[in-house]
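Presented below is the structure to which this report refers.
The values are calculated or read from the model by the stated rules, or taken from the named source; none is laboratory data. Bear in mind that the values here come from a model prediction, so they are computed numbers and not experimental data. Virtual Cβ from ideal backbone geometry, glycine too; neighbours counted across all protein chains shown. Surface accessibility is based on the protein's heavy atoms, side chains included, excluding ligands, DNA and RNA. Shrake-Rupley method; radii C 1.70, N 1.55, O 1.52, S 1.80 Å.
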Amino acid sequence: MTTAVKEPTKTAVMKALVYHGPGKRAWEDKPKAAVKDPTDAVVRITTSTICGTDLHIMKGDVPTVTDGRILGHEGVGLVESVGSSVQNFKVGDRVLVSCITSCGKCDYCKRGMFSHCRNGGWILGNLIDGTQAEYVRIPHADNSLYKAPEGVPEEALVMLSDIFPTGFECGVLNGTVKPGDKVAIVGSGPIGLAALLTAQFYSPALLILIDRDDNRLQVSRSFGATHTINYEKENVAERIQQLTGEGVDVAIEAVGVPSSIDTCQAIIAPGGHIANIGVHGKPVEFHLEKLWDRNITLTTRLVDTVTTPMLLKVLRSGKLDARKMGTHNFALSDVMKAYDTFGNAAKEKALKVVLKA
Ligand SMILES: NC(=O)c1ccc[n+]([C@@H]2O[C@H](COP(=O)([O-])OP(=O)(O)OC[C@H]3O[C@@H](n4cnc5c(N)ncnc54)[C@H](O)[C@@H]3O)[C@@H](O)[C@H]2O)c1
Ligand SMILES: [Zn+2]
Ligand SMILES: [Zn+2]
(Lines give C-alpha, C1' and ligand atoms only; values in the text may rest on other atoms or scores of the structure.)
(Ligands and ions follow the chains in the order given, each with its own letter.)
Protein backbone atom coordinates (compact mmCIF):
# COMPACT_ATOMS: atom_id res chain seq x y z
CA MET A 1 0.00 0.00 0.00
CA THR A 2 1.26 3.47 -0.88
CA THR A 3 0.70 6.61 1.08
CA ALA A 4 -0.15 9.78 -0.82
CA VAL A 5 2.84 12.07 -0.99
CA LYS A 6 1.91 15.74 -1.04
CA GLU A 7 3.63 17.34 -4.03
CA PRO A 8 5.29 20.72 -3.47
CA THR A 9 3.06 23.46 -4.97
CA LYS A 10 4.49 24.37 -8.36
CA THR A 11 4.12 27.90 -9.73
CA ALA A 12 2.42 27.81 -13.08
CA VAL A 13 4.69 29.00 -15.88
CA MET A 14 4.22 30.53 -19.30
CA LYS A 15 6.47 31.48 -22.20
CA ALA A 16 7.17 35.15 -22.88
CA LEU A 17 9.46 37.49 -24.80
CA VAL A 18 11.62 39.07 -22.13
CA TYR A 19 13.82 42.18 -22.37
CA HIS A 20 17.26 41.83 -20.76
CA GLY A 21 18.79 45.22 -21.49
CA PRO A 22 19.73 46.90 -24.81
CA GLY A 23 20.06 44.36 -27.64
CA LYS A 24 19.19 41.40 -25.37
CA ARG A 25 15.92 39.48 -25.45
CA ALA A 26 14.85 35.87 -24.90
CA TRP A 27 11.77 33.64 -25.28
CA GLU A 28 11.73 32.07 -21.85
CA ASP A 29 9.72 30.78 -18.89
CA LYS A 30 8.04 33.32 -16.59
CA PRO A 31 5.45 32.85 -13.84
CA LYS A 32 2.02 32.65 -15.47
CA ALA A 33 0.13 35.97 -15.38
CA ALA A 34 -2.46 36.01 -12.57
CA VAL A 35 -5.13 38.36 -11.24
CA LYS A 36 -3.66 40.64 -8.52
CA ASP A 37 -6.29 43.33 -8.08
CA PRO A 38 -10.09 42.94 -8.22
CA THR A 39 -10.20 45.13 -11.37
CA ASP A 40 -7.73 42.88 -13.30
CA ALA A 41 -8.39 40.36 -16.03
CA VAL A 42 -5.94 37.80 -17.36
CA VAL A 43 -6.04 37.30 -21.12
CA ARG A 44 -4.70 34.27 -22.98
CA ILE A 45 -3.05 35.83 -26.04
CA THR A 46 -4.13 34.36 -29.37
CA THR A 47 -2.72 37.10 -31.66
CA SER A 48 -0.03 39.68 -30.98
CA THR A 49 2.36 41.89 -32.94
CA ILE A 50 5.51 43.99 -32.60
CA CYS A 51 5.56 47.80 -32.61
CA GLY A 52 8.26 50.23 -33.78
CA THR A 53 8.31 51.32 -30.15
CA ASP A 54 9.45 47.80 -29.13
CA LEU A 55 12.45 48.32 -31.41
CA HIS A 56 13.14 51.65 -29.65
CA ILE A 57 13.02 49.72 -26.35
CA MET A 58 15.45 47.08 -27.69
CA LYS A 59 17.88 49.89 -28.55
CA GLY A 60 17.69 51.11 -24.95
CA ASP A 61 15.80 54.32 -25.90
CA VAL A 62 13.05 53.81 -23.29
CA PRO A 63 14.71 53.83 -19.85
CA THR A 64 11.46 53.01 -17.98
CA VAL A 65 11.69 49.46 -19.40
CA THR A 66 13.94 47.40 -17.15
CA ASP A 67 15.67 44.01 -17.28
CA GLY A 68 13.14 41.17 -16.97
CA ARG A 69 10.18 43.01 -18.50
CA ILE A 70 7.88 41.12 -20.89
CA LEU A 71 7.43 43.34 -23.97
CA GLY A 72 4.37 44.05 -26.14
CA HIS A 73 1.37 46.38 -25.92
CA GLU A 74 -0.79 45.02 -28.74
CA GLY A 75 -2.88 41.86 -28.69
CA VAL A 76 -6.11 39.92 -29.02
CA GLY A 77 -7.05 36.97 -26.85
CA LEU A 78 -9.51 35.12 -24.66
CA VAL A 79 -10.34 36.15 -21.11
CA GLU A 80 -8.82 33.47 -18.88
CA SER A 81 -9.81 34.85 -15.48
CA VAL A 82 -11.29 38.03 -13.99
CA GLY A 83 -11.01 39.83 -10.67
CA SER A 84 -14.04 40.10 -8.41
CA SER A 85 -15.02 43.63 -9.49
CA VAL A 86 -14.72 43.23 -13.27
CA GLN A 87 -18.22 43.77 -14.67
CA ASN A 88 -17.95 43.99 -18.45
CA PHE A 89 -16.04 40.78 -19.21
CA LYS A 90 -16.32 37.12 -18.32
CA VAL A 91 -14.14 34.05 -18.81
CA GLY A 92 -14.05 33.02 -22.49
CA ASP A 93 -14.79 36.48 -24.00
CA ARG A 94 -12.70 37.31 -27.06
CA VAL A 95 -11.13 40.72 -26.47
CA LEU A 96 -8.93 43.40 -27.97
CA VAL A 97 -6.21 44.69 -25.62
CA SER A 98 -5.74 48.46 -25.81
CA CYS A 99 -2.13 49.70 -25.76
CA ILE A 100 -3.33 52.26 -23.21
CA THR A 101 -4.51 51.05 -19.80
CA SER A 102 -7.00 53.39 -18.13
CA CYS A 103 -9.12 53.44 -14.99
CA GLY A 104 -11.92 55.52 -16.55
CA LYS A 105 -12.37 57.31 -13.22
CA CYS A 106 -9.52 59.79 -12.68
CA ASP A 107 -9.58 63.44 -13.84
CA TYR A 108 -7.58 62.75 -17.01
CA CYS A 109 -9.79 59.77 -17.94
CA LYS A 110 -12.89 61.94 -17.40
CA ARG A 111 -11.43 64.38 -19.95
CA GLY A 112 -10.90 61.56 -22.46
CA MET A 113 -7.12 61.67 -21.94
CA PHE A 114 -6.69 57.97 -21.18
CA SER A 115 -3.03 58.29 -22.18
CA HIS A 116 -2.45 60.30 -18.99
CA CYS A 117 -4.60 58.15 -16.70
CA ARG A 118 -3.27 58.57 -13.15
CA ASN A 119 -3.56 54.81 -12.64
CA GLY A 120 -2.47 53.64 -16.08
CA GLY A 121 -1.44 55.17 -19.41
CA TRP A 122 1.12 53.40 -21.57
CA ILE A 123 2.22 50.85 -18.99
CA LEU A 124 1.87 47.51 -20.87
CA GLY A 125 5.23 46.17 -21.99
CA ASN A 126 6.76 49.22 -20.31
CA LEU A 127 6.10 49.48 -16.56
CA ILE A 128 4.24 46.15 -16.31
CA ASP A 129 4.51 42.90 -18.29
CA GLY A 130 3.07 42.99 -21.80
CA THR A 131 1.36 41.03 -24.54
CA GLN A 132 4.19 39.14 -26.27
CA ALA A 133 3.46 36.21 -23.98
CA GLU A 134 1.05 33.33 -23.58
CA TYR A 135 -0.88 35.27 -20.91
CA VAL A 136 -1.06 38.89 -19.84
CA ARG A 137 -2.58 40.64 -16.82
CA ILE A 138 -4.66 43.68 -17.80
CA PRO A 139 -5.36 46.15 -14.96
CA HIS A 140 -8.63 48.14 -15.09
CA ALA A 141 -9.96 45.53 -17.48
CA ASP A 142 -13.42 47.12 -17.79
CA ASN A 143 -11.93 50.22 -19.43
CA SER A 144 -8.82 48.74 -21.08
CA LEU A 145 -10.28 45.79 -23.02
CA TYR A 146 -12.85 45.79 -25.84
CA LYS A 147 -15.15 42.96 -26.88
CA ALA A 148 -14.03 41.58 -30.25
CA PRO A 149 -16.72 42.20 -32.89
CA GLU A 150 -18.16 39.04 -34.48
CA GLY A 151 -16.69 38.07 -37.81
CA VAL A 152 -13.57 40.25 -37.70
CA PRO A 153 -10.35 38.26 -38.18
CA GLU A 154 -7.86 38.63 -35.32
CA GLU A 155 -5.07 39.74 -37.66
CA ALA A 156 -7.23 42.78 -38.58
CA LEU A 157 -8.44 43.40 -35.02
CA VAL A 158 -4.94 43.47 -33.51
CA MET A 159 -4.15 46.55 -35.63
CA LEU A 160 -6.62 48.46 -33.42
CA SER A 161 -4.56 47.96 -30.26
CA ASP A 162 -2.26 50.81 -31.24
CA ILE A 163 -1.56 51.80 -34.86
CA PHE A 164 -5.05 52.79 -36.02
CA PRO A 165 -6.05 54.84 -32.95
CA THR A 166 -2.59 56.46 -33.10
CA GLY A 167 -2.66 57.40 -36.80
CA PHE A 168 -6.26 58.57 -36.48
CA GLU A 169 -6.15 60.51 -33.18
CA CYS A 170 -2.64 62.00 -33.24
CA GLY A 171 -2.54 62.50 -37.03
CA VAL A 172 -5.98 62.85 -38.64
CA LEU A 173 -8.05 64.29 -35.76
CA ASN A 174 -5.34 66.57 -34.37
CA GLY A 175 -4.49 67.65 -37.93
CA THR A 176 -8.24 68.38 -38.47
CA VAL A 177 -8.31 66.76 -41.93
CA LYS A 178 -11.36 68.07 -43.83
CA PRO A 179 -13.01 67.30 -47.19
CA GLY A 180 -10.96 68.82 -50.00
CA ASP A 181 -7.83 69.31 -47.86
CA LYS A 182 -4.32 68.91 -49.19
CA VAL A 183 -2.64 66.48 -46.79
CA ALA A 184 0.98 65.32 -46.57
CA ILE A 185 2.08 62.41 -44.39
CA VAL A 186 5.79 62.33 -43.60
CA GLY A 187 6.79 58.68 -43.05
CA SER A 188 4.98 55.69 -44.51
CA GLY A 189 5.56 53.14 -41.78
CA PRO A 190 2.56 51.38 -40.17
CA ILE A 191 1.58 54.58 -38.32
CA GLY A 192 1.81 56.81 -41.40
CA LEU A 193 -0.19 54.22 -43.36
CA ALA A 194 -2.84 54.06 -40.60
CA ALA A 195 -3.11 57.86 -40.85
CA LEU A 196 -3.39 57.48 -44.64
CA LEU A 197 -6.28 55.00 -44.40
CA THR A 198 -8.20 56.91 -41.71
CA ALA A 199 -7.67 60.32 -43.39
CA GLN A 200 -9.80 58.94 -46.21
CA PHE A 201 -12.86 58.97 -43.86
CA TYR A 202 -12.87 62.72 -44.67
CA SER A 203 -12.25 62.74 -48.46
CA PRO A 204 -9.19 64.98 -48.65
CA ALA A 205 -8.29 66.15 -52.20
CA LEU A 206 -4.59 65.28 -52.01
CA LEU A 207 -2.83 62.64 -49.91
CA ILE A 208 0.90 62.91 -50.43
CA LEU A 209 3.14 60.30 -48.75
CA ILE A 210 6.83 61.04 -48.17
CA ASP A 211 9.46 58.38 -47.41
CA ARG A 212 12.70 56.98 -48.81
CA ASP A 213 11.51 53.37 -48.91
CA ASP A 214 10.18 52.75 -52.44
CA ASN A 215 8.34 49.61 -51.35
CA ARG A 216 6.43 51.54 -48.65
CA LEU A 217 5.69 54.34 -51.15
CA GLN A 218 4.31 51.75 -53.54
CA VAL A 219 2.15 50.31 -50.72
CA SER A 220 0.99 53.87 -49.95
CA ARG A 221 -0.29 54.27 -53.51
CA SER A 222 -2.20 51.01 -53.24
CA PHE A 223 -3.65 52.27 -49.91
CA GLY A 224 -4.99 55.47 -51.52
CA ALA A 225 -2.13 58.01 -51.65
CA THR A 226 -2.67 60.38 -54.59
CA HIS A 227 1.09 61.15 -54.81
CA THR A 228 4.32 59.88 -53.28
CA ILE A 229 7.70 61.55 -52.89
CA ASN A 230 10.99 59.77 -52.26
CA TYR A 231 12.84 62.44 -50.29
CA GLU A 232 16.23 60.98 -51.20
CA LYS A 233 15.49 61.36 -54.91
CA GLU A 234 13.42 64.55 -55.07
CA ASN A 235 13.30 67.97 -53.42
CA VAL A 236 10.23 67.64 -51.21
CA ALA A 237 9.46 71.37 -50.79
CA GLU A 238 9.67 72.02 -54.53
CA ARG A 239 7.52 69.04 -55.43
CA ILE A 240 4.90 70.04 -52.83
CA GLN A 241 4.82 73.59 -54.25
CA GLN A 242 4.22 72.13 -57.72
CA LEU A 243 1.43 69.90 -56.44
CA THR A 244 -0.31 72.36 -54.12
CA GLY A 245 0.63 75.93 -55.01
CA GLU A 246 1.00 77.21 -51.44
CA GLY A 247 1.72 74.11 -49.39
CA VAL A 248 -0.43 71.58 -47.57
CA ASP A 249 -3.34 72.23 -45.18
CA VAL A 250 -2.26 69.32 -42.98
CA ALA A 251 1.24 67.89 -42.47
CA ILE A 252 1.27 64.71 -40.38
CA GLU A 253 4.66 63.74 -38.92
CA ALA A 254 4.93 59.94 -38.54
CA VAL A 255 8.67 59.32 -38.09
CA GLY A 256 10.15 60.84 -34.91
CA VAL A 257 13.37 62.50 -36.14
CA PRO A 258 14.26 66.23 -36.41
CA SER A 259 14.41 66.20 -40.23
CA SER A 260 10.81 65.04 -40.56
CA ILE A 261 9.58 68.01 -38.47
CA ASP A 262 11.75 70.26 -40.69
CA THR A 263 9.88 68.84 -43.69
CA CYS A 264 6.49 69.60 -42.11
CA GLN A 265 7.51 73.20 -41.44
CA ALA A 266 8.81 73.63 -44.99
CA ILE A 267 5.58 72.47 -46.67
CA ILE A 268 2.79 73.88 -44.49
CA ALA A 269 0.37 76.40 -46.05
CA PRO A 270 -0.93 79.46 -44.19
CA GLY A 271 -3.61 78.36 -41.74
CA GLY A 272 -2.29 74.80 -41.80
CA HIS A 273 -1.99 72.18 -39.08
CA ILE A 274 1.18 70.25 -38.26
CA ALA A 275 0.26 67.10 -36.32
CA ASN A 276 3.21 65.35 -34.71
CA ILE A 277 2.90 61.62 -34.03
CA GLY A 278 6.54 60.48 -33.85
CA VAL A 279 8.32 59.74 -30.58
CA HIS A 280 11.23 62.20 -30.47
CA GLY A 281 14.47 61.64 -28.60
CA LYS A 282 16.25 64.83 -29.74
CA PRO A 283 15.36 68.54 -29.73
CA VAL A 284 14.02 69.94 -33.00
CA GLU A 285 14.25 73.45 -34.51
CA PHE A 286 11.03 75.39 -34.57
CA HIS A 287 11.24 78.09 -37.27
CA LEU A 288 9.16 80.83 -35.70
CA GLU A 289 11.04 83.38 -37.83
CA LYS A 290 9.27 81.86 -40.85
CA LEU A 291 6.04 80.67 -39.27
CA TRP A 292 5.04 83.45 -36.84
CA ASP A 293 2.69 85.11 -39.36
CA ARG A 294 1.36 81.96 -41.06
CA ASN A 295 -1.47 81.15 -38.59
CA ILE A 296 -0.36 77.56 -38.20
CA THR A 297 -1.24 75.13 -35.41
CA LEU A 298 1.18 72.48 -34.14
CA THR A 299 -0.12 69.60 -32.04
CA THR A 300 1.44 66.72 -30.11
CA ARG A 301 -0.31 63.73 -28.57
CA LEU A 302 0.20 60.38 -26.93
CA VAL A 303 -2.56 58.17 -28.29
CA ASP A 304 -5.59 58.14 -25.98
CA THR A 305 -7.40 55.22 -27.68
CA VAL A 306 -10.69 57.08 -27.11
CA THR A 307 -11.64 56.41 -30.74
CA THR A 308 -11.25 52.63 -30.44
CA PRO A 309 -15.04 51.99 -30.15
CA MET A 310 -15.61 54.05 -33.30
CA LEU A 311 -12.80 52.33 -35.19
CA LEU A 312 -14.23 48.94 -34.15
CA LYS A 313 -17.55 49.91 -35.77
CA VAL A 314 -15.79 50.96 -38.98
CA LEU A 315 -13.77 47.74 -38.96
CA ARG A 316 -16.89 45.62 -38.51
CA SER A 317 -18.65 47.46 -41.35
CA GLY A 318 -15.87 46.38 -43.71
CA LYS A 319 -14.92 49.99 -44.50
CA LEU A 320 -11.44 49.71 -43.01
CA ASP A 321 -9.21 46.97 -44.36
CA ALA A 322 -6.87 46.72 -41.37
CA ARG A 323 -5.77 43.21 -42.29
CA LYS A 324 -3.57 44.43 -45.12
CA MET A 325 -1.15 45.96 -42.58
CA GLY A 326 0.04 42.44 -41.70
CA THR A 327 2.76 41.36 -44.14
CA HIS A 328 4.44 38.50 -42.25
CA ASN A 329 3.05 35.66 -40.10
CA PHE A 330 4.84 33.85 -37.30
CA ALA A 331 3.91 31.52 -34.48
CA LEU A 332 4.03 33.39 -31.16
CA SER A 333 6.77 30.94 -30.11
CA ASP A 334 8.83 32.24 -33.09
CA VAL A 335 8.71 35.84 -31.82
CA MET A 336 12.53 35.95 -31.69
CA LYS A 337 12.63 35.40 -35.47
CA ALA A 338 9.76 37.86 -35.94
CA TYR A 339 11.85 40.58 -34.21
CA ASP A 340 14.70 39.96 -36.68
CA THR A 341 12.33 40.32 -39.64
CA PHE A 342 10.61 43.42 -38.23
CA GLY A 343 13.98 44.94 -37.35
CA ASN A 344 14.95 44.65 -41.05
CA ALA A 345 11.66 46.07 -42.33
CA ALA A 346 13.03 47.73 -45.49
CA LYS A 347 14.94 44.63 -46.64
CA GLU A 348 12.12 42.26 -45.65
CA LYS A 349 9.37 44.54 -47.06
CA ALA A 350 7.67 44.27 -43.69
CA LEU A 351 4.88 46.43 -42.29
CA LYS A 352 3.40 44.57 -39.30
CA VAL A 353 4.34 41.01 -38.31
CA VAL A 354 1.41 38.95 -37.04
CA LEU A 355 2.15 36.52 -34.16
CA LYS A 356 -0.35 33.67 -33.68
CA ALA A 357 -0.47 31.51 -30.58
N1 LIG B 1 2.32 59.48 -30.38
C2 LIG B 1 2.02 58.21 -30.11
O3 LIG B 1 1.17 57.91 -29.28
C4 LIG B 1 2.71 57.10 -30.84
C5 LIG B 1 2.18 55.80 -30.78
C6 LIG B 1 2.81 54.77 -31.51
C7 LIG B 1 3.94 55.07 -32.25
N8 LIG B 1 4.45 56.33 -32.27
C9 LIG B 1 5.65 56.71 -33.07
O10 LIG B 1 5.26 56.94 -34.41
C11 LIG B 1 6.43 56.87 -35.24
C12 LIG B 1 6.15 56.04 -36.49
O13 LIG B 1 5.93 54.68 -36.13
P14 LIG B 1 6.10 53.50 -37.20
O15 LIG B 1 5.87 52.23 -36.44
O16 LIG B 1 5.30 53.78 -38.40
O17 LIG B 1 7.66 53.67 -37.50
P18 LIG B 1 8.59 53.08 -38.68
O19 LIG B 1 9.98 53.27 -38.20
O20 LIG B 1 8.11 51.74 -39.11
O21 LIG B 1 8.29 54.08 -39.91
C22 LIG B 1 8.91 55.32 -40.08
C23 LIG B 1 9.08 55.56 -41.58
O24 LIG B 1 9.65 56.85 -41.76
C25 LIG B 1 10.61 56.81 -42.82
N26 LIG B 1 11.51 57.93 -42.61
C27 LIG B 1 12.67 57.99 -41.88
N28 LIG B 1 13.16 59.26 -41.91
C29 LIG B 1 12.30 59.99 -42.66
C30 LIG B 1 12.27 61.37 -43.05
N31 LIG B 1 13.20 62.24 -42.67
N32 LIG B 1 11.23 61.80 -43.83
C33 LIG B 1 10.27 60.92 -44.23
N34 LIG B 1 10.25 59.61 -43.88
C35 LIG B 1 11.25 59.15 -43.11
C36 LIG B 1 11.23 55.42 -42.68
O37 LIG B 1 11.80 55.01 -43.92
C38 LIG B 1 10.00 54.56 -42.27
O39 LIG B 1 9.36 54.00 -43.39
C40 LIG B 1 7.53 56.31 -34.34
O41 LIG B 1 8.34 57.38 -33.86
C42 LIG B 1 6.74 55.68 -33.21
O43 LIG B 1 7.51 55.52 -32.04
C44 LIG B 1 3.83 57.34 -31.59
ZN1 LIG C 1 3.09 50.79 -30.25
ZN1 LIG D 1 -7.70 57.14 -15.20
Query raised in the report: Looking at the P(r) of the stretch 134-199, how many percent of alpha-carbon pairs lie beyond 16 Å?
Result: 57
Query - GluC sites (Glu not before Pro) restricted to DSSP loop in the stretch 250-357 with at most 13 other C-beta within 10 Å - result: E285
Query raised in the report: Residues with amide H under 5 Å of V35's amide H, sequence separation 5 or more or different chain, H placed in the peptide plane at 1.01 Å from N; which?
Result: none
Requested in this report: Please go through the residue pairs K36/K90; K178/K233; K10/K36 and name each one whose alpha carbons sit more than 26 Å apart in this structure.
Outcome: K178/K233
**Report entry** Sequence-separation-based contact order of the stretch 179-224, relative, with Cα cut under 8 Å and 6+ spacing, percent
**Finding:** 48
Report task. Work out Dmax and Rg for the stretch 234-357 from the C-alpha atoms and quote the Rg first, both in angstrom. Result -> 18.7, 55
**Report entry** Column: log10 I(q)/I(0), Debye, Cα scatterers of the stretch 90-178, q = 0.12, 0.20, 0.25 Å⁻¹
**Finding:** -0.40, -1.07, -1.37
Query - Cut-off under 5 Å, modelled amide H: who pairs with V354 long-range - result: T327, H328, N329, F330
Query raised in the report: the stretch 73-151: which chymotrypsin sites (Phe, Trp or Tyr not before Pro) are DSSP loop and have at most 13 other beta-carbon atoms within 10 angstrom?
Result: none
Query raised in the report: Seen from all sides and averaged, what is the projected area of the convex hull of the Cα atoms in the stretch 8-165, in nm²?
Result: 9.7
Query raised in the report: Where the accessible area of the stretch 172-222 is counted over protein heavy atoms with a 1.4 Å probe, how much of it, in %, is carbon and sulfur?
Result: 51
Report task. With N set to the residue count of the stretch 171-304, report its C-alpha Rg divided by 2.2 N^0.38 Å to two decimal places. Result -> 0.94
**Report entry** K313 paired with A205, simple spin-label distance in nm, labels 7 Å along Cα-to-beta-carbon
**Finding:** 3.0
Query raised in the report: Mind checking Rg over Rh on the stretch 255-314, alpha carbons, Kirkwood formula for Rh?
Result: 1.07
Requested in this report: Calculate the all-directions average of the projected area of the stretch 111-234's alpha-carbon convex hull, and give it in nm².
Outcome: 10.0
Report summary line: Log entry: pair-distance distribution for the stretch 1-99, C-alpha pairs binned every 5 Å from zero, whole % per bin is 2, 11, 16, 18, 17, 14, 9, 5, 3, 2, 1, 1, 0
Query raised in the report: How much of the accessible area of the stretch 44-167, in percent, comes from carbon and sulfur atoms when a 1.4 Å probe is used?
Result: 48
Report summary line: The extension gain from K347 to A331, computed as 0.36 nm times the residue separation minus the Cα-Cα distance, is 3.7 nm
**Report entry** Relative contact order computed over the stretch 43-142 (Cα-Cα under 8 Å; 6+ residues apart), in percent
**Finding:** 34
Query raised in the report: At A12 and K90, where each label point lies 7 Å from the Cα along Cα→Cβ, what is the point-to-point distance in nanometres?
Result: 2.0
Report task. Count charges around V284 for me, please; just the other residues with Cβ under 11 Å from its Cβ, Lys/Arg as +1, Asp/Glu as -1. Result -> -2
Query raised in the report: Normalised by the number of residues in the chain, what is the relative contact order in percent for Cα pairs under 8 Å and 6+ residues apart?
Result: 17
Requested in this report: Compute the FRET efficiency between L55 and S222 as 1/(1 + (r/R0)^6), taking r as their Cβ-Cβ distance and R0 = 35 Å, and round to the nearest 0.05.
Outcome: 0.90
Report task. Read phi for every residue in the stretch 319-324 and hand back ³J(HN,Hα) as whole Hz from Karplus 6.51 cos²θ - 1.76 cosθ + 1.60, θ = phi - 60°, with x for Gly and Pro. Result -> 8, 9, 8, 6, 4, 6
Query raised in the report: Quick one: length gained pulling E234 to L288 fully straight, 0.36 nm per residue minus the C-alpha distance?
Result: 16.9 nm
Query raised in the report: Hey, got a sec? Which trypsin sites (Lys or Arg not before Pro) in the stretch 153-257 land in a DSSP loop and have at most 15 other Cβ atoms within 10 Å?
Result: R212, K233
Report summary line: Quick P(r) readout (the stretch 316-357; Cα-Cα; 5 Å bins; whole %) gives 6, 24, 27, 19, 12, 7, 5
**Report entry** Volume per residue of the C-alpha convex hull in the chain, rounded to whole Å³
**Finding:** 150
Report summary line: Quick shape summary for the stretch 290-348, equivalent ellipsoid via Cα gyration tensor, semi-axes whole Å in descending order, reads 33, 22, 12
Report task. Using amide H atoms built 1.01 Å from N in the peptide plane, name the residues 5+ places from T46, or on other chains, whose amide H lies under 5 Å from its own. Result -> V76, G77, L78
**Report entry** For the chain: accessible area per residue (Å², 1.4 Å)
**Finding:** 45
Query - Surface share of carbon and sulfur [accessible, 1.4 angstrom probe, percent] for the stretch 224-357 - result: 51
